Structures are given as C-alpha cells and as structure tokens.
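*Asks:* Supplied in structure tokens, the structure appears directly below.
Bear in mind that the values in this text are calculations on the coordinates, not laboratory data. Note that the structure is predicted; figures quoted are calculated from it, not measured. Here the Cβ positions follow ideal geometry from the backbone for every residue, glycine too, while neighbour counts run over all protein chains shown.
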Amino acid sequence: MNNSIAQLLLQGVAFLLVSCGAVCAEQRRPNVLFLAVDDMNDWIGCLGTTPRAITPNLDRLAARGVCFTNAHTAGVFCAPSRAAIFSGQYASTTGCYTTPNYFVGHPEIEALQMSFDKAGYTTWGAGKLFHHPEGAIDQRGWTEFFLRNQIQRQSGWSLDSWSSETPVPQPFPASIYNRGKRFKAGLFLEWGAIPNEREEAMADTIRANWAVEQLAKKHDRPFFLACGLYAPHFPNYCPQKYFDIYDPAQIAMPPMREDDLEDLPPKIRKQRENRKRLHHEKLVQMGAMDDAIHGYLACISYADAMLGRVLDALESSPYADNTIVVLWSDHGYHHGEKGQWGKHTLWERTSNVPFIWSGPGLAQGVNSDVTVSLIDIYPTLVELCNLPQPHQPLEGESLASTLRDPALAADRQVFLPYMQPGEYAVISRDWRYICYGDDGEELYDLREDPNEWHNLAGQPESVEVISSLRKRAPQEFAEPEVKLNARKDLVIDGGTFRWEKGQGNYKPRPKYRPYTTSEARSY
C-alpha cells in the first residue's frame, strides 16, 4: 500500500470517527417538551393548597420529577413574564415592564428557541408561549410555529383563542358578573360550560393535538417542542364535564381577611381598595364568588386533561426516556385574596406558580421548597442540553444541580420587577420584601404569616432585614420600552410580520361577536 492510499484511508477513518462522535453527541442531547399554561396559580393537586384543583396529569408529572413549591414568576402579568422567560433577562434590563416585544428593542438578544436551533435541535412552537396579541411572537429560530388558521398567520400571528370558529356557552355572556354586557376578547370574570361534544373545536385542544402529532413522528435530531395553553385564563370556558367533577358545595374558599389592606402604604392602599370595590365586592354582593372559583377550577382541570394528552403521547413514544419535561405557568392569580381578582401585584398570589421538571438524570417524586424563579429556565436548559451560551448574559441561575439532587440546594433570594423602574419584590423562603419606589414598602415574615396579612415595614426590628433584601435588587433599572402601536407600527408581509415605527400596514379585523341567545347555534 503506497503512502497516498494509506493517507486517504486514515483520513476516511478520522472523518467517520468525527461524524460518529457528532452523531453520538447529538443523540445524547435530551429532547425538551416545554409546556406552558396561562394564569394558573398554585391550586394544583400536587402542591396541596386550598382550594385544590383536580389535576391527575400534573400530579403524575410531579411524581416522576421535581415539583418546586416555592417557584415565582419573572413578571407580574403575561407580557413581561414571557419576555423574561424567553430572553433570560428581567424587565429591569430589557425595559419590558409591561410590553412583550424584547426582540424589537433588543434584536441582539438570542431567545431560548434560538439557542436550541443553534445547537441543532428541531424547534416547534404552538399556542400561548409568548403574549397573545398580534406581533408578540418572536418568530426567530422556529422550525415551525403552529397557528390554527391562515388568517392568524396573515395578521401578525395573533392567537385568537376565542374566535368565530371556537365554541362559547349559550346564553352568552354566561357569568352573572357579565350578563347583559357586550363581548370583549379576553372577557374578565367570565365563566361557563360548553357542550362536551365541542371539546375538539376548542383552541387549546387543537394545540395539544398538534403537539401529540409531533411526538408521533420519527425524529433524526433532538427536538424542542413547546406548547402553550390559554387555559385557565379568562374567559373560563371549558366542557361541562370539567365543571361536573367538582361539587360546588364542597369547594373551599381561599383564606381572606376583611381588613387586609389597612397596613399598606397610603397610595398603594387606595389603588387596591379601588380594585377591590370594582370586582371583589361586586362578586360578594352577587353571591358569585364560589361560582367564579368553580369556573376557574374547571378550566385548570381542562388544561390538565390537555396536558395529559401530550404526556401520554410522550410516554408511548420512543423518546420517553430521553426527554426533559418542563411545566410552568406565567404567573399566579388572585381570587379574592387581599380583595383582588387578577394578577398585577407583587404578592404571593401573583408570584407563586406551578413549576415542574422531569427527565433523564433528574430526581423523581420530590417536592422542593427552595426559592426559584422562571428566569432560571433558560440557564437550566443551557446546562442540561449543552446549548451554546447566548450573546446576552442570563440573569437566572441554573437549577441543574438542584434537579439532580434537591436535598443539597440552598435557599436564595429571587428578584421580581414590577411595572415601573425601581418597583420590585425580593422573595426568599422566609421573607417577601416589596418596594414601590417612593410610594412605600411592605415586608412579610412568610414563616409566621404565609397569607401576608401583617406588613412589618416601618417597625424598627425590620430595618436590618429590609436592608439585606434590598441588596438583591439591581442598582440600575432600564427605562421602559416604548409601547408599539399595531395600527401604526406593525408591518404585515405575507405570512410574517415585523415592527417598523410609523410604517404599519396592519388592518384590525372586526372584533369577534358570538351568536346572541336569540341566534343560538345548535351544537
């Protein structure tokens, strides 16, 4: 054998070894099933709270992995929370305190799905992963982002979970709170049952079924499959069978205290009392609190059933043993606690969220009360999946070691920005400190006062604790990002969109008006 032939053979062997190594490394990378729900607080079964929703599928996921009982959002409502999760940076850095579009003001940010794409993953997205209005989805880095119809793709990728083809209760609106009012998308404090036979026409059902279809396919590359459900966000519409699994007479009310707002800073107290009068006191006068909570619990159970479909598909697929599952809710939700209905607060009801991980090499059947944040998702997946580090610094902490051995995890303080620079909370296992800038502060001893009924700020013995917690907040806060106007700034270009100041060509579609009672459809 002459030298040239031998050299060619050696080069061929080396190429095969390198190729095999690359393939083997790729095969070792775990798949990721990324499951999101909207406005779901910590009332799920495996967290043992009161009230407690019936959630057998989330419970079995927790039994196979790590359920964080002290997990907190990274933003106090949908837009900033989801912007933080996908960018890996808080609003105090991006300026997205109330806006979702981190990718417009900061195009240098490499979003989570982009890191998976760079690592050679197939990336699929569906449903409410980002905020739901037109122009809010970060289009970059997706192999495919599923939308239910072409109209959505041609109108800025708005999600339209409740549109003309999706079923709604009859009569409409359905709840006592909204009876006689005109419909508005995302109707607040609206709940009601739809016929069971219409379940497959619901937007979240369609999205879950799409995710099931992807898991049934043969995949030659690792995948990042992200599926976001709109439930249990208002309106709380779901099939009748999910209402029927609850006995209304047995639904426990959340803990409340009538004078709960009296020790708040004056400006904040006035705001919260106004909000209490608008919603909570009206529901109490109507005798509808238990009915409203029933609707919310039913929708949690509906979301659980849809997630169950996806988890069943994973379990029966060839990918079950090499897939990390991450389940998160963007934030919690008040149902009368502290007189509030909704989110947009720095209290536990808004911040505490379901957060469950399972997968190869992770602990199983463990509830951990170590303090964590949704901002930790990005760095954790970077470590677990060996993703390239993005250009931007990631502001969370990897939970990989905690997920492998939760018993060794030390508690920490997590930061939660509010809706203006300088407003925030710092949360640990023991304390919650809230700063409203120049408008006052709150401090709660969570061991002694888990319902946050006694504000300790202003007491001499709290000075040292507050001083320590304030150190966790950033020294500087970014200015708020300028809000974009879809009519003026959103450019629709075929099946995609872009934001361009003053160049918008977006034409709003007529608001969906469902059939009135007199026009009721026969299902």
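*Asks:* Give me the lysines in straight-line cross-link reach of residue 501: C-alpha distance below 19 Å, same-chain residues under 8 apart excluded.
*Replies:* Straight-distance partners of residue 501: 483, 488.
*Asks:* Under 13 Å from the Cβ of residue 89, count the other residues' Cβ atoms, weight Lys and Arg +1, Asp and Glu -1, and hand me the total.
*Replies:* Net local charge, residue 89 excluded: -4.
*Asks:* Continuing with the same structure: Out of all DSSP beta bridges in the chain, what portion is antiparallel? Express it as a percent rounded to 5.
*Replies:* 45
*Asks:* Cut-off under 17 Å on the C-alpha distance; same-chain residues fewer than 8 positions from residue 507 excluded. Which aspartates and glutamates are left, in chain and number order?
*Replies:* Of all the aspartates and glutamates, those that pass the test against residue 507 - Cα under 17 Å, at least 8 places apart if same chain - are 134, 160, 489, 493.
*Asks:* Out of these labelled values of percent of Cα pairs over 45 Å apart, (1) 34; (2) 26; (3) 13, which was calculated from the coordinates shown here?
*Replies:* Read-out taken from this structure: (3).
*Asks:* Can you list which of the GluC sites (Glu not before Pro) found in the stretch 155-234 are DSSP loop residues with at most 15 other C-beta atoms within 10 Å?
*Replies:* When the GluC sites (Glu not before Pro) of the stretch 155-234 are filtered for loop state and at most 15 Cβ neighbours within 10 Å, 165 remain.
*Asks:* To continue, here is another question. Relative to the compact-globule scaling 2.2 N^0.38 Å, provide the ratio for the alpha-carbon radius of gyration of the stretch 381-422.
*Replies:* Compactness ratio reported: 1.50.
*Asks:* If you don't mind, another one. What is the fewest-to-most order of 157, 499 by other Cβ atoms lying within 10 Å of their Cβ?
*Replies:* In order of increasing Cβ crowding within 10 Å: 499, 157.
*Asks:* Next up: Which links in 276/343; 282/338; 267/338; 128/270; 128/343; 267/471 stretch past 22 Å when you go from one Cα to the other?
*Replies:* The answer is 128/270; 267/471.
*Asks:* Before anything else, pin down the relative contact order of the chain: Cα pairs under 8 Å, at least 6 apart, normalised by residue count, whole percent.
*Replies:* 25
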